[in-house]
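Trainee: Here it is, the structure in full.
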Amino acid sequence: MAADRLNEYWDIYNRDLQITGRRQRREALQSGEYHLVVDAFIFNEHGQVLLQQRSSNKIHFPGYWDCSVGGSAVAGESIEAAMNREIAEELGLIIPVTAADNFLIVPHTRWIEAWFAFQTTESVTHLALQHEELQRVAFFDQDAAQRHLHQVGFNPYTVEMQRAWSHLLEHAQ
């Protein structure tokens, strides 16, 4: 059974992040329509980054290593609320999410991706994983993380990971 919830509703956006409608995930988007995706890299106090290995039941890229957490915003959610929900759902982690944590918004062909950066002192043993979405998580130094993220056909997010770390460093002062 696929881990993706095809019956959930998404707000549909134009390229300027203005809501133009609502649709079920299973329905195709037209040209100029986008759904919102939120993603994050979470670092520990040693500068290591948390990666998740996607569930083998995911429709796209099953078993691949991915950013720390991410997913689609559901209808009615703000960018921050969607990020907060994804962190809590996938990792069982409560991190206050603010607009200042968002360091990048990038439009793609059919989605607009909002990237966040966080730091935690929690170890992986204290996380409550949502196993229908992901198999496991681990902290990696950034070089090892880049090697894990380079997989055939999958965006390695190396630029986003570096920008997330830079964002944390800039805002730590």
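So that you can scan it fast, the table gives a plain yes or no per residue for (1) within 23 Å of residue 16 (Cα to Cα); (2) of a type in the set (Ser, Thr, Tyr); (3) surrounded by 14 or more Cβ atoms within 10 Å (Cβ to Cβ):
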| residue | (1), (2), (3) |
| --- | --- |
| 94 | no, no, no |
| 115 | yes, no, yes |
| 123 | no, yes, no |
| 131 | no, no, no |
| 137 | no, no, yes |
| 141 | no, no, no |
| 165 | no, no, yes |
| 172 | no, no, no |
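Trainee: Considering only the stretch 7-33, state which residues are among the charged types (D, E, K, R) and either without any contact (Cβ under 8 Å) to a residue 40 or more places away in the chain or in a strand (DSSP E or B) (or both).
Mentor: 11, 16, 22, 23, 26, 27
Trainee: While we're on this one: Among the residues of the stretch 26-75, how many are charged (D, E, K, R) and under 18 Å from residue 114 (Cα atoms)?
Mentor: The number of residues fulfilling the criteria is 3.
Trainee: If you check every pair at least six apart or on different chains, which have Cβ atoms under 8 Å apart with a residue in the stretch 57-80 that is in contact (Cβ under 8 Å) with a residue 40 or more places away in the chain and at negative phi first and a residue that is crowded, with 18+ Cβ neighbours inside 10 Å and among the basic types (Lys, Arg) second?
Mentor: 64/54; 65/54; 66/54
Trainee: Could you go through the stretch 40-55 and let me know if any residue there is over 19 Å from residue 121 (Cβ atoms), touching a residue at least 12 places away in the same chain (Cβ under 8 Å), in contact with a helix residue (DSSP H, G or I) (Cβ under 8 Å, 6 or more places away or on another chain) and of a type in the set (A, V, I, L, M). Break it down stepwise before answering.
Mentor: Of the residues in the stretch 40-55, the ones over 19 Å from residue 121 (Cβ atoms) are 53-55.
Then drop every residue that is not touching a residue at least 12 places away in the same chain (Cβ under 8 Å), which leaves 53-55.
Filter once more, so that each one left must be in contact with a helix residue (DSSP H, G or I) (Cβ under 8 Å, 6 or more places away or on another chain): none.
No: the stretch 40-55 contains no residue that is over 19 Å from residue 121 (Cβ atoms), touching a residue at least 12 places away in the same chain (Cβ under 8 Å), in contact with a helix residue (DSSP H, G or I) (Cβ under 8 Å, 6 or more places away or on another chain) and of a type in the set (A, V, I, L, M).
Trainee: Select, from 104, 36, the only residue that is surrounded by 15 or more Cβ atoms within 10 Å (Cβ to Cβ), touching a His at 6+ places or on another chain (Cβ under 9 Å) and either among the aliphatic types (A, V, I, L, M) or assigned to a strand (DSSP E or B) (or both).
Mentor: Going through 104, 36 in turn, the sole match is 104.
Trainee: Within the stretch 109-119, can one find any residue that is outside any strand (DSSP E or B) and small (Gly, Ala, Ser)?
Mentor: Scanning the stretch 109-119, I find no residue that is outside any strand (DSSP E or B) and small (Gly, Ala, Ser), so the answer is no.
Trainee: Which members of the stretch 143-160 meet the condition of being surrounded by fewer than 15 Cβ atoms within 10 Å (Cβ to Cβ) and more than 30 Å from residue 20 (Cα to Cα)?
Mentor: The answer is 143, 144, 147, 150, 151, 152, 153, 158, 159.
Trainee: Further, regarding this structure: Among all residue pairs at least 6 apart or on different chains, which show Cβ distances below 9 Å where the first residue, located in the stretch 137-155, is closer than 22 Å to residue 106 by Cβ and the second is surrounded by 14 or more Cβ atoms within 10 Å (Cβ to Cβ) and charged (D, E, K, R)?
Mentor: 149/66; 154/66
Trainee: Hey, any hits in the stretch 43-51 for a residue that's among the polar types (S, T, N, Q), under 27 Å from residue 145 (Cβ atoms) and either touching a Phe, Trp or Tyr at 6+ places or on another chain (Cβ under 7 Å) or at pLDDT below 95 (or both)? Walk me through how you get there before you give the answer.
Mentor: Filtering the stretch 43-51 for residues among the polar types (S, T, N, Q) gives 44, 48.
Imposing the further condition that a residue be under 27 Å from residue 145 (Cβ atoms) reduces the set to 44, 48.
With the extra rule that they be either touching a Phe, Trp or Tyr at 6+ places or on another chain (Cβ under 7 Å) or at pLDDT below 95 (or both), the set shrinks to 44, 48.
There is at least one residue in the stretch 43-51 that is among the polar types (S, T, N, Q), under 27 Å from residue 145 (Cβ atoms) and either touching a Phe, Trp or Tyr at 6+ places or on another chain (Cβ under 7 Å) or at pLDDT below 95 (or both).
Trainee: So which residues in the stretch 58-76 are touching a Lys or Arg at 6+ places or on another chain (Cβ under 7 Å) and either assigned to a loop (DSSP other than H, G, I, E, B) or within 17 Å of residue 95 (Cα to Cα) (or both)?
Mentor: Hits for the stretch 58-76 are 61, 62, 63, 64, 75.
The values are calculated or read from the model by the stated rules, or taken from the named source; none is laboratory data. None of these values were measured; they are calculated from a predicted model. Cβ sites come from the backbone with ideal geometry, for glycine too, and all protein chains shown count toward neighbours.
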